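For reference, the structure discussed in these notes is given below.
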Amino acid sequence: MMYDTEYFIRFVNIFAKYLAENKEYLTQLDAAIGDGDHGINMDRGAKAALDRLSSINPKTPGEVMRTVGMALLSSVGGAAGPLYGTVFMRMSIAFRNNDKIDDKGLVSALEQALLGIKGLGKAEVGDKTMVDVWEPVVNFLKENIENGRTLPEICADVVALAEERMKATIPLQARKGRASYLGERSIGHQDPGATSSYYFFKSLCEAIGGE
Amino acid sequence: MKKLINKPEDVVKEMLEGMAAAHPDLIKVHFEPNFIYRTDAPVKGKVALISGGGSGHEPLHGGYVGKGMLDAACPGNVFTSPTPDQMYEAGKVVDSGAGILFIVKNYTGDVMNFDMAADLLRAEGYNVESVVIADDVAVEQSLYSAGRRGVGGTVFAEKIGGAAAEKGWPLEEVKRVVQKVADNVRSIGIALTPCTVPAAGKPTFELEEDEFEFGIGIHGEPGRKRLKMKPADEIVQMMMDAILKDMPLEKGDEVALLVNGMGGTPLMELYIVNRKVSQILDGIGVKRYKTLVGDYITSLEMQGASVTVLKLDDELKELLDAPVHTPALRWGI
């Protein structure tokens, strides 16, 4: 399958929709083990990104992702701003000037994004962060796409895996970010960054086939 | 909950407009990106001191912009780190060629955003250094956490760094003395109530009538332990035990003290806290060189208090006493 500019614009719109719909929920999750602003910040960032996309009128997937990355970086704040900003910026760099991206290109870009997240935040799987969703999902994608499958074929499994990994953060003790100040009290709560990451992968899948 | 605001999404912008209107002799405000800077910036030959963080901690940091303290402060959304473009643009405005020092509170987001801003400035030839403040003893400095939070010690870091810069010290020396503050300051906070972020509309955590939170940060996040309410003296004893365990003091040591209100605690109560803090320090023969009591680093309307103890030497005493004129702190001028 080939992913074009329109696909990525759809993806961003769907991601923004999930962030808007779940703003309260993400905020609640963040209030339990953080400072209660993840939902508010991501929603604000997503709206800023959509705003900028509509005024810029991007011509390539790379331009879409760079525009979103810069918008998130300057409007989200906190740790989520640099982390998600890096995700979109790294993907835009991977996409270069190409008009369309294939499955291998998409997964390669997601791998770069994951490296960016880990380089910036220094989190590993098990620290109770967005990496707990990103790493297993990207590994799963890599394995399958390398074996010749395409994203549309494995979407249901990708979303299920992301959801399972998001829920798997519940019993973990946080070792990064604000949640880590709580020590054992962070156990029993789902990580907000892992949750918004689940929406990210869900949106990548839902953007397929919507025209 | 009732708040004296207009629309929640406008709180930071309107606060900045109000500050600019109140203190035109001391500060100017730049919007989009937002930052507060001293009216006489850039000051020739002087290192520019920049800090910032989420809004909701006023007077930190905007209230400390002016002569003898910060050159610029970058306010993020409430309890949210500012973004790199804020520090980048502020740096360009206040740098006089003598270099820039960032004072960064140790929170994952603050550190990331200030690091990115430093990279942006360095890419254009600016000389930027940073010192991270991590004075909160409630959190263990460990590989298994994001590290200690930067809290009340930041006020002393900004005052002392500001004095060094005002004296015309070079960047490495200003950094050295701010790092000395960072290495010799410890804090702990407690909360009787949570606070409510305007955009969220409800409190950040729940506390029963008979409970208090021990070892809070400044963003309305829950603390290390939730305990049954006790009289002030017992709570202060717990707080001082935590600080002194981490940074033992000896007879003859001199300290600067900050007995700080989280925003919703009456001054009367802060003085009651200070009474016990002073007794404890006097009891071990530590000299209280200077004491500040009041709201210096707050969490919106949270009821609670924090204690910050800075171990002093002659150099730090001189810089602490140096003149300062900002909206929130003024002496010697």
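Before moving on, here are some points about what is shown:
- Label-point gap, in nm, between residue B:173 and residue B:96 - each point 7 angstrom along Cα→Cβ: 1.4 nm
- Taking 0.36 nm per residue of separation and subtracting the current Cα-Cα distance, fully stretching the chain between residue B:202 and residue B:32 would add 58.4 nm.
- Remark: the Cα gyration tensor places the protein assembly as shown in the prolate category, a/c being 1.5 or greater and a/b exceeding b/c.
- Working from label points 7 Å from Cα in the Cα-to-Cβ sense, the residue A:54 to residue B:287 distance is 6.6 nm.
- Label-to-label distance, nm, for residues given as residue B:330 and residue B:318 (7 Å Cα→Cβ offset): 2.7 nm
- Close Lys-Lys pairs in chain A, where close means Cα under 15 Å and separation is 8 or more or interchain: 11
- Amide H contacts under 5 Å for residue A:169, placed H, 5+ residues apart: A:191
- Qualifying aspartates and glutamates (Cα of each under 13 Å from Cα of residue B:276; at least 8 residues distant if same chain): B:233, B:234, B:241
- Nonlocal amide H pairs with residue B:39, under 5 Å, H built at 1.01 Å: B:27, B:28
- Under 15 Å from the residue A:149 label point (7 Å along Cα→beta-carbon), backbone N, the stretch A:100-138: A:103-104, A:107, A:136-138
- J(HN,Hα) series, the stretch B:291-299, from Karplus relation 6.51 cos²θ - 1.76 cosθ + 1.60, nearest Hz, glycine and proline x: 10, 10, 10, x, 8, 10, 8, 10, 10
- Counting neighbouring Cβ atoms within 10 Å and putting the fewest first, the residues B:331, B:169 line up as B:331, B:169.
- The amide H of residue A:102, built 1.01 Å from its N in the peptide plane, has A:3 as neighbours under 5 Å, considering only residues 5 or more places off or on other chains.
- FRET efficiency for residue B:271 and residue B:9, using Cβ-Cβ distance with R0 set to 45 Å, rounded to 0.05: 0.75
- Radius 9 Å from Cβ of residue B:70, net charge of other residues (Lys, Arg +1; Asp, Glu -1): -1
- Most fluctuating residue given options B:296, B:88, B:271, as computed from a GNM of chain B linking Cα atoms under 10 Å: B:271
Any read-out appearing in this document is the output of simple, stated calculations on the displayed coordinates, not a laboratory observation. This structure is a prediction, so every number in the text was calculated from the model and none was measured. Glycine also receives a Cβ, built like all others from the backbone with ideal geometry; neighbour counts cover every protein chain displayed.
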